[in-house]
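The structure appears right after this line, and notes come after that.
The values are calculated or read from the model by the stated rules, or taken from the named source; none is laboratory data. The structure displayed is predicted, hence computed values, not measured ones. Cβ placement follows ideal geometry from the backbone for every residue including glycine, while neighbour counts extend to all protein chains displayed.
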Amino acid sequence: MESLNRMATELVDEAIEFADELTIDVHQLTGDAAVLDFGVQTPGAIEAGLLLAEIQTAGMATVQTHTGRVAGTPRTHVELSTDQPALSLLCAGKGGWELVTDDFEGLGSGPARALVAEEDIFDRVGYAEEFDFAVLVVESDQLPDEAVARQVADRAGVPESGVFLPTYAAASITGSVVGAARATELAVYRLTELGYDPLDVLSASGTAPVAPVAGDESTAMAYTNDAVMYGGEVHLVVDEPFDRFDEVASSARSDYGEPFADISESVDHDYSELDRGLFAPAQVTIDVVGGETHVVGDTAEDVLAESYGF
């Protein structure tokens, strides 16, 4: 199989080639790292968000939109499907790289994480890679600078000229699209948090509504979390039974039923105090090959309507 970063680099090249059509701005830093503005100083876009979700998953997921309904109103939904969930969602797509310098804070996701491979999930999957290019998708309300690119290059073991940093703010059209695309990833990650072998998840498909674009990052994160927690629907096919499938959906948690903004406010916006099980889709169907089908949770459109002010 091709390197995750190689496959992602090909998609980044596509983004650069069609930057105008995607409403993306490309910035070359002093050390020749490339920063792609998918929605920080630009407003972002639906197609840019879909391509960014593909970049995050190293091209091993199919990402598309359809129009569905939330609380009786039409809304764009994002669908993401993959037959390589451990690699595409956990070793590539998952947000797990905290970027902090004197002047910058952001969260990195994407295949550059596999070049570092320090997170527990890489041991569980048994995957790490070496490559000359590093693609790290950055969520931040500011564009990365030279210090960030240098930090990524050093940790990933690549030259600065091989660093690509597609960046978006949660409070952008792109941010709302990428947030919805995470429903599938969050179901798989929640299952593995409960102790399930990630290599026994054979395929994963999910959908969630695209949240309204908020005016600030805190509200945007609340909106996109609600989209998955109360509107996300995921279907998994797995190889082995498990006695904790009933804990996969967000509805299994005690705080379920309140908009994320209210839940966050109850802990003074300290995410470390939140029940991690909330970060999961509303409803999950799990087919065990040769075994039972489990349906867990349900969507709560009334909570979405309250959150979004319908």
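Points to keep in mind about this one:
- Test result for GLY162, over 23 Å from GLU10 (Cα atoms), surrounded by fewer than 24 Cβ atoms within 10 Å (Cβ to Cβ) and among the small types (Gly, Ala, Ser): no
- For the range 204-230, taking the residues that are part of a helix (DSSP H, G or I) and among the charged types (D, E, K, R), the one that is nearest to MET60 (Cα to Cα) is identified as ASP226.
- Where GLY195 falls short, out of the listed (1) closer than 26 Å to ILE24 by Cα; (2) of a type outside the set (Ser, Thr, Tyr); (3) at pLDDT 95 or above: (1)
- Which listed residue is modelled with pLDDT under 95 and within 23 Å of ALA45 (Cα to Cα), from SER205, SER176, SER218: SER218
- For the range 198-219, a residue qualifies if it is closer than 19 Å to THR65 by Cβ and in contact with a Gly (Cβ under 9 Å, 6 or more places away or on another chain), and the qualifying residues are GLY206, THR207, ALA208, PRO209, VAL210, ALA211, PRO212, VAL213.
Here's the yes/no breakdown for (1) among the polar types (S, T, N, Q); (2) touching an Asp or Glu at 6+ places or on another chain (Cβ under 9 Å):
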{"position": "ALA92", "(1), (2)": "no, no"}
{"position": "PHE122", "(1), (2)": "no, no"}
{"position": "VAL137", "(1), (2)": "no, no"}
{"position": "LEU143", "(1), (2)": "no, yes"}
{"position": "GLN151", "(1), (2)": "yes, no"}
{"position": "PRO166", "(1), (2)": "no, yes"}
{"position": "ALA169", "(1), (2)": "no, yes"}
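- Checking PRO85 against (1) surrounded by fewer than 24 Cβ atoms within 10 Å (Cβ to Cβ); (2) over 25 Å from GLN151 (Cβ atoms); (3) not aliphatic (A, V, I, L, M), the condition it does not meet: (1)
Here's the yes/no breakdown for (1) modelled with pLDDT under 95; (2) surrounded by fewer than 16 Cβ atoms within 10 Å (Cβ to Cβ):
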| site | (1), (2) |
| --- | --- |
| ALA8 | no, no |
| ALA15 | no, no |
| ALA34 | no, no |
| PHE38 | no, no |
| ALA45 | no, no |
| GLY49 | no, no |
| MET60 | no, no |
| HIS66 | no, yes |
| ASP102 | yes, yes |
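- Residues that are farther than 23 Å from LEU36 by Cα, without any contact (Cβ under 8 Å) to a residue 60 or more places away in the chain and polar (S, T, N, Q) within the range 55-107 comprise THR67, GLN84, listed in sequence order.
- Matching option when the condition is within 14 Å of the chain's Cα centre (by Cα), more than 28 Å from ALA214 (Cα to Cα) and outside any strand (DSSP E or B), among LEU87, LEU115: LEU87
- Close pairs from the range 37-54: first of a type in the set (Val, Ile, Thr), partner not in a helix (DSSP H, G or I), Cβ under 6 Å, at least 6 apart: VAL40/LEU143; VAL40/THR167; VAL40/ALA169; THR42/THR23; THR42/ASP25
- Extreme residue, surrounded by the most Cβ atoms within 10 Å (Cβ to Cβ), among residues of the range 182-197 that are more than 17 Å from the chain's Cα centre (by Cα) and not charged (D, E, K, R): TYR196
- Taking the range 282-310 as the range and being loosely packed, with under 15 Cβ neighbours inside 10 Å and within 30 Å of LEU202 (Cβ to Cβ) as the test, the residues that pass are VAL289, GLY290, GLY291, GLU292, THR293, VAL295, ASP298.
- Residue count for the range 262-281, restricted to those that are surrounded by 17 or more Cβ atoms within 10 Å (Cβ to Cβ) and at pLDDT 70 or above: 7
- Selection count, the range 21-77, where residues are outside any strand (DSSP E or B) and among the acidic types (Asp, Glu): 4
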